[in-house]
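Written out below as structure tokens is the structure these notes cover.
The values are calculated or read from the model by the stated rules, or taken from the named source; none is laboratory data. None of these values were measured; they are calculated from a predicted model. Cβ sites come from the backbone with ideal geometry, for glycine too, and all protein chains shown count toward neighbours.
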Amino acid sequence: MKKQTAAAFMAAMTIATLTACGGPKQLSKSVTVELGNEKGIKVTDILDISKDEAKSAKIDAKKVNFNKEGKYEATITYDKKEYKVTVKIKDTVAPEATAKDSIVVQTGNPVRVTDCISEIKEASGVADAKFKTKPDTAQATTETSTETTASDDSSTEKSPVSSDDSSTESTKKDASSAVYAVGDVSLSSNDEITYVEAGDYDNSIVVTDNAGNESEVPVKISVIAPPTINGVTDKTITAGESIDYMAGVTATDGKGADITSSVTVDSSAVKTDTAGSYQATYKVTDQYGLTSSATSNVTVNNKPQEDSNQAVADNGGSGSSNSSSGKKNHKKNNSGSQSSGSSNKSNGLSNSGQQASNNNNGGGSSSGGSSAAETPKQDEGDYVTSASGTKLKVDKSKWKYDTSEAGRLGPKGFWANGDIITMSDHEAVGNGDNKDGAKYFLAAGLIPQDFYDGLYGD
């Protein structure tokens, strides 16, 4: 009983003492809090009270900006009494940065900080980031641009690429303030470097906050060449024919892997049933997002004129009608029978060849040679002029009977090397004496298949 009385007495004396002194003692009139720590003000660091007693204290920190360095005023209320305290906000913690797992860029293209960093943690929300190592870019000249041709060369769309698509979503640029953001942190700049040679490179990014605290994050950058499209060539067809665009075409990525299956061809502009010049575009994108393209020029020629073929069939007379005898009759017949048989074939071809020439030259007799005004011209140099006045480029080194040029030059009255097709040439073919010339005529559409088979068929 005496102990209880003594305890009660001591408690009463403590309360009386506190009341007499006006409350607990203020241990400190200022406190330092780490930037961003909104719960950094502790009552027990300011007032001489226990943790349990501190639970009843109220902190008014409305004037304190925990996300900006500086000095602010706060108020602690305990037992109906207010205590003023100065809150010092300081940034002593370095920012934290996380590098992307996969960073891929094309040779000669820039790689930027935002291509390499997926996340930055910084209480102030502002930081600066720079590459630690700067490669030599003196050779970064023509490698950054490739001219598109119709051969095996390919052009590449130039844009910095990372295999991690999250860079598009997490990295944004505020055009008005020219600030680059990674998540909730704004970068004062978007530092970049360029590698001109393919390979794997080790580098680091140094991230610094406004208080001078810095951290370093290592990054591994894979630099590869753009994919290539091989075997793209120009194409020439006759109206109505189809085109196998992928014939002979292959593609590889910058590391040599076959990606032919990823090649796409846009031939929507090509009209295979209408004469003209068109373009087909090839495109391929590799697994890293790098893209290349190539272009093929497509030439569609008109079909051989139907009346030319019909003239051969009609004018051939007994020659074509006797195709069942064909070459055998021609070889066996003497001069007398030849005049009634194979000579008819000769006359039929001569007429058909002349008719084809007349159709292209604007008229003339079908039984004799063309007049000077109707005859094609063999110009100087690498060009010839048709009777209609059209200039055609030729290669005079080509074999005279090269059928690859038959569709283009034959109906205009020229052999593959630019020589003019004469009436003697027509007669030699029609008499069965020029098989190579007959093949050329056949490819040019100047004679029908059955006429050729009758004279030169096995």
Against the condition touching a Pro at 6+ places or on another chain (Cβ under 6 Å) and either assigned to a loop (DSSP other than H, G, I, E, B) or closer than 30 Å to ASP115 by Cα (or both), how does SER215 come out, does it pass? yes
Would you point out which residue out of GLU34, GLU53 is under 30 Å from ASN213 (Cα atoms) and either over 60 Å from the mean Cα position of the chain (by Cα) or modelled with pLDDT of 90 or more (or both)? GLU34
Only one of VAL232, VAL196 is at pLDDT 95 or above, in a loop (DSSP other than H, G, I, E, B) and either surrounded by 15 or more Cβ atoms within 10 Å (Cβ to Cβ) or in contact with a Cys (Cβ under 9 Å, 6 or more places away or on another chain) (or both). Can you tell me which? VAL232
Could you tell me whether any residue of segment 258-276 is loosely packed, with under 13 Cβ neighbours inside 10 Å and within 23 Å of GLY199 (Cα to Cα)? yes
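Of all residues in segment 395-425, count the ones that are among the hydroxyl-bearing types (Ser, Thr, Tyr), closer than 15 Å to LEU442 by Cβ and either modelled with pLDDT under 90 or out of contact with any helix residue (DSSP H, G or I) (no Cβ under 7 Å at 6 or more places or on another chain) (or both).
Looking only at that region, the number is 1.
Yes or no, residue by residue, for (1) more than 26 Å from the chain's Cα centre (by Cα); (2) on the phi > 0 side of the Ramachandran plot; (3) in the same structural domain as SER102 (by TED's automatic domain parsing):
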site: PRO218; (1), (2), (3): yes, no, yes
site: GLY254; (1), (2), (3): no, no, no
site: SER268; (1), (2), (3): no, no, no
site: THR274; (1), (2), (3): yes, no, no
site: THR281; (1), (2), (3): no, no, no
site: ASP286; (1), (2), (3): no, no, no
site: THR291; (1), (2), (3): no, no, no
Filter segment 40-53 for residues that are acidic (Asp, Glu) and either in contact with a Phe, Trp or Tyr (Cβ under 9 Å, 6 or more places away or on another chain) or assigned to a loop (DSSP other than H, G, I, E, B) (or both); the one that is surrounded by the most Cβ atoms within 10 Å (Cβ to Cβ) is GLU53
Flagged in segment 24-39 as aliphatic (A, V, I, L, M) and assigned to a loop (DSSP other than H, G, I, E, B), in numbering order, are LEU27, LEU35
